[in-house]
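Peer 1: Here's a structure for you.
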Amino acid sequence: MKIEVLYVQGCPNYQPAVARIQKVLMSESLRADIESVVVSSDADAKALRFLGSPTIRVNGADVEPNPTNAVGLACRLYVNSGGVPSEEMLSVALSRAKQGERV
């Protein structure tokens, strides 16, 4: 399982997002490396389809099923109106990825 956290330098939600991912992984007895990717330009944002900081992807899929954020260097708000996805959203994304790996 591959987890990526894309973020801009100085994002106040980056560390809380990584901590929440680690918490959910631990609670579900899963192991995965978390790759942090700094996005530093509009060109990078477009190339990476960066929907704001932090953007979290599991096996290449955004943790938010139908994200509506625009691509660009900005803070991201998730459907829970927070800058970090909920534990439930992360858990669902991890479950989808886990099932996809079994196929």
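The values are calculated or read from the model by the stated rules, or taken from the named source; none is laboratory data. Not measured: the values here are computed from a predicted model. Backbone-built Cβ (ideal geometry, glycine too); neighbour counts: all protein chains shown. Only protein heavy atoms, including side chains, enter the accessible area calculation; ligands, DNA and RNA are left aside. Shrake-Rupley method; radii C 1.70, N 1.55, O 1.52, S 1.80 Å.
Peer 1: Going through Ser27, Ser41 one at a time, which residue ends up being farther than 16 Å from Glu87 by Cα and of a type outside the set (Phe, Trp, Tyr)?
Peer 2: Just one listed residue meets the conditions, Ser41.
Peer 1: With the condition kept exactly as written, say whether any residue in region 75-90 is within 19 Å of Lys2 (Cβ to Cβ), in contact (Cβ under 8 Å) with a residue 12 or more places away in the chain and not in a loop (DSSP other than H, G, I, E, B).
Peer 2: yes
Peer 1: Here are some residues: Gly52, Gly10. Which one is on the phi > 0 side of the Ramachandran plot and under 13 Å from the mean Cα position of the chain (by Cα)?
Peer 2: Sole residue among the options that is on the phi > 0 side of the Ramachandran plot and under 13 Å from the mean Cα position of the chain (by Cα): Gly52.
Peer 1: Would you point out the residue of region 1-44, among those that are among the charged types (D, E, K, R) and assigned to a loop (DSSP other than H, G, I, E, B), that is surrounded by the most Cβ atoms within 10 Å (Cβ to Cβ)?
Peer 2: Checking each candidate, the answer is Glu28.
Peer 1: Leu77 - would you say it is open to solvent by less than 50 Å² (accessible area, probe 1.4 Å) and aliphatic (A, V, I, L, M)?
Peer 2: Spelling it out, it is not the case that Leu77 is open to solvent by less than 50 Å² (accessible area, probe 1.4 Å) and aliphatic (A, V, I, L, M).
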